[in-house]
1. By the gyration tensor of its Cα atoms, with a ≥ b ≥ c the square roots of the eigenvalues, what is the shape of segment 46-102: rounded for a/c under 1.5, prolate for a/b over b/c, or oblate?
2. Multiply the residue gap between Glu125 and Gln62 by 0.36 nm, knock off their C-alpha separation, and tell me the result in nm, one decimal place.
3. For Val117, which sequence-distant residues (separation of 5 or more, or a different chain) have an amide H within less than 5 Å of its own amide H, given hydrogens modelled in the peptide plane?
4. Spelling out what I want: for every residue of segment 112-129, take phi, set θ = phi - 60°, compute 6.51 cos²θ - 1.76 cosθ + 1.60 (Karplus), and round to whole Hz; glycine and proline get x.
Amino acid sequence: MKTGKMGIWSMIIGGVGILGLSLYSSFLQTQQSSGNDLNLQNLEIYITKHAKDRMNCRLIDQAEIREILRTGSLNDKKSEIHTDMCKSKYALEGRSMKDKQLIRVIAAPCGEKVSIVTVIDLENEYDCE
């Protein structure tokens, strides 16, 4: 009789553990999928020469970059996330309110600044040279 009760309790505890892990995993995915959680929009923005060239070619302005930093979603596959924040590059994507471009911004935060490495229009090809 004791073995039956122990088996039931083991299954209950195991089920609760699996549920807990599932909820925690879901929480982590939610945290990683929102650009807002990175808090990049409050940092001083430095735009690299390469990013400026791409902005001019792709008709993307600084206001649109700020918008994507504030509201964009993190693309884990295009990001390079390291334990040292200054070595990380975050790919944030979103549609601009201004002209509805689907934009990817590659941002590299370090300290109180965020460097914009490049910007990409995900729906249109441009001859940027």
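1. Numbers: a/c = 2.27, a/b = 1.44, b/c = 1.58.
Oblate.
2. Values: separation 63, 0.36 × 63 = 22.68 nm, distance 2.00 nm.
Stretched fully, the Glu125-Gln62 segment lengthens by 20.7 nm.
3. Placed amide hydrogens put Ile106, Ala107, Ala108 under 5 Å from Val117.
4. With coefficients 6.51, -1.76 and 1.60, one gets 8, 10, 10, 8, 8, 7, 7, 9, 9, 8, 7, 10, 10, 9, 10, 8, 8, 9 Hz.
Since every read-out is calculated from the coordinates, none of them should be taken as a lab result. These figures come from a predicted structure and were not determined experimentally.
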